[in-house]
Every structure is written in structure tokens, then in C-alpha cells.
Amino acid sequence: MNKLLEIKGLHAAYGQTRVLHGLDFEIEPGSVTTLLGANGAGKTTTLRAICGMVKRTGDILLNGQQINRNQTEDIVRLGVAHVPDGRGTFLRQTVEENLQLGAMARRDKAGIASDMELVYSYFPILKKRRTQIAGLLSGGEQQMLAVGRALMLRPKLMLLDEPSFGLAPMITREIFEIFRSLNRNEKVSMLLVEQNASLALELADHAYLLETGRVVFSGRAEAIREDESIRRAYLGY
Ligand code: ATP
């Protein structure tokens with residue numbers, strides 16, 4: 001079976017600063033894959049490289065189709081939704097307007113309306129707040145909105161960058177439970193970048209550990225969770 005995403009020999013740089021040095025990894029359809037590693041390892045850059053937001057070379061195959069030369073808008077249209085760190089919601093727009101913006105690449109009005117209801121069913125608080133401007137939402141609600149907006153694309157793959165950042169543990173847990181349901185029930189595949197390795201490994205099927213722009217270890221999340229020596233060596237817990 002085709003991989004949902006196959007990355008081979010991915011290099012990326014900001015100007016003269018090379019950050020990714022030949023990354024290889026893949027994502028099975030329907031799975032949650034997590035990229036772990038210390039600050040500066042290149043996790044955020046990997047997500048940005050996949051969606052064409054940073055100069056990159058190497059192979060990026062989405063369902064077998066090469067997308068390494070595609071522009072960000074094309075990649076979004078192909079079903080890759082990026083939820084950036086810092087969330088990237090439009091703070092002056094209402095909750096509902098933010099969700100509508102997430103569906104900008106779509107033309108199927110009925111589908112958009114039913115997906116809006118789907119988002120509200122996963123995040124009832126967003127329905128309550130739908131006429132409020134996003135800037136007035138709490139951090140957790142803004143994160144939910146960012147995920148909701150990504151869902152409005154009906155994505156094949158959601159790229160999640162540090163969704164727990166700045167959130168209280170209880171809210172983080174709630175959001176991660178929703179990720180689990182979205183993965184199981186809506187079959188959304190996810191590539192998750194997360195500082196909180198133990199949390200990420202609970203949700204993920206597969207994990208890749210990055211060090212200075214290279215994959216240094218990969219395995220089933222469950223195996224890593226249960227292997228104290230690997231956890232100590234690579235994850236510091
Ligand atoms: P963190 O968890 O701290 O976000 P990360 O693994 O996501 O870490 P990246 O954000 O991908 O790491 O950064 C990798 C390297 O690229 C770092 O050394 C960082 O300083 C550098 N870098 C990131 N963004 C830029 C930029 N816009 N211009 C120049 N260098 C950058």
C-alpha cells in the first residue's frame with residue numbers, strides 16, 4: 001500500500017543556515033506519527049518544509065505524488081493542513097469566519113456547512129463562541145479553533161506544531177483526547193511535533209527522534225514508551 005507521506009533525503013535551509021540534513025521518514029495512512037527532539041532539532045522546519053514554507057530539496061511524496069516543488073497553496077489543496085505553533089488564527093475575525101477561511105480552497109457549500117457542524121460537535125465551546133472574535137478566546141480555545149480551521153479543509157494529513165504550548169495540563173489533555181477521536185473516527189492522519197514526549201507517545205503510533213536535522217532513532221511509539229533506556233537516552237525522562 002502507498003504511504004500517505006514519504007520523505008527521502010530532505011534538506012532545508014534558512015538562507016545560508018542549513019537546518020535539515022537529509023531527513024528520511026514516512027507516514028502510514030490513518031496513523032499518528034510524532035517527531036520528537038530537543039529545541040532546535042528541526043521539527044518545526046520539517047513541517048514548514050513539507051508545506052513549502054521554507055527552501056527545501058529532496059523527495060516529498062504525498063500518496064506517491066511528488067510535491068517537493070509545489071507551492072504552499074497547492075499543497076493545502078492536496079489536503080495537507082498546517083496548524084502552526086503560535087496557532088495562526090485570525091484574531092480580529094470571529095470564530096465562524098476563521099472556520100470559513102479554513103474552507104477557502106473548497107467549493108462544496110453543503111459539505112462546508114456539514115463540516116462546520118462536525119467541528120462544532122468536537123469543539124462545542126467554539127459553537128458557543130462562534131460570533132466572538134478569536135482574539136478574545138482563551139489559549140485553549142484558540143488552539144481548538146486552529147485545529148477546527150484545519151479540519152475545515154477536510155485534510156488527509158494534519159501537521160500539528162506544539163499544540164500543547166502554553167496550555168494548562170488539563171486543557172492539553174482534553175485537546176489530545178479530541179485528536180485521538182479525530183484520528184479514530186474521522187480517519188485524519190497526523191504528524192505531531194511536541195515538546196512533551198510522553199504525551200505525544202501516548203497518542204502516536206510511530207515516532208521519529210530528531211537531532212540536529214537528522215533522524216537518529218525511529219520506532220513504534222508503544223515500544224519507545226516501554227523502553228526506559230531509549231527514553232533516557234533520547235528523551236530525558
Ligand atoms: P523548537 O522546539 O525550539 O521549536 P525545533 O526542533 O522545532 O525546535 P526549528 O524551529 O525547526 O527547531 O529550528 C531548527 C534550527 O533552525 C534552529 O537552530 C533555529 O535557530 C533555526 N531557525 C529556525 N527558524 C529560523 C529562521 N526563520 N531563520 C534562521 N534560522 C532559523
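The values are calculated or read from the model by the stated rules, or taken from the named source; none is laboratory data. The structure displayed is predicted, hence computed values, not measured ones. So basically every Cβ, Gly included, is an ideal-geometry build from the backbone, and we count neighbours across all protein chains shown.
Side notes on the structure shown:
- Residue 9 meets each of the listed conditions (1) of a type in the set (Gly, Ala, Ser); (2) surrounded by fewer than 16 Cβ atoms within 10 Å (Cβ to Cβ); (3) modelled with pLDDT under 95 apart from (3).
- Residues that are assigned by TED's automatic domain parsing to the domain that holds residue 235, surrounded by fewer than 21 Cβ atoms within 10 Å (Cβ to Cβ) and within 16 Å of the ligand (Cβ to nearest atom) occur at least once in the range 25-34.
- Test for residue 44: is it out of contact with any helix residue (DSSP H, G or I) (no Cβ under 6 Å at 6 or more places or on another chain), in the same structural domain as residue 177 (by TED's automatic domain parsing) and closer than 22 Å to residue 205 by Cβ: yes
- Inclusion of residue 190 among residues that are more than 15 Å from the chain's Cα centre (by Cα) and either more than 16 Å from the ligand (Cβ to nearest atom) or surrounded by 16 or more Cβ atoms within 10 Å (Cβ to Cβ) (or both) is not warranted.
- Selection from the range 219-236 of residues that are more than 16 Å from residue 39 (Cβ to Cβ), surrounded by 15 or more Cβ atoms within 10 Å (Cβ to Cβ) and in contact with an Asp or Glu (Cβ under 9 Å, 6 or more places away or on another chain): 221, 225
- Checking each residue in the range 161-177 for being of a type in the set (Ser, Thr, Tyr) and either away from the ligand (no atom under 16 Å from the Cβ) or part of a helix (DSSP H, G or I) (or both) picks out only 172.
- If only residues of the range 40-57 that are over 24 Å from residue 189 (Cβ atoms) and either more than 14 Å from the ligand (Cβ to nearest atom) or in contact (Cβ under 8 Å) with a residue 60 or more places away in the chain (or both) are counted, the one that is nearest to the chain's Cα centre (by Cα) is 40.
- Checklist (1) out of contact with any strand residue (DSSP E or B) (no Cβ under 8 Å at 6 or more places or on another chain); (2) not in a helix (DSSP H, G or I) applied to residue 181, failing item: (2)
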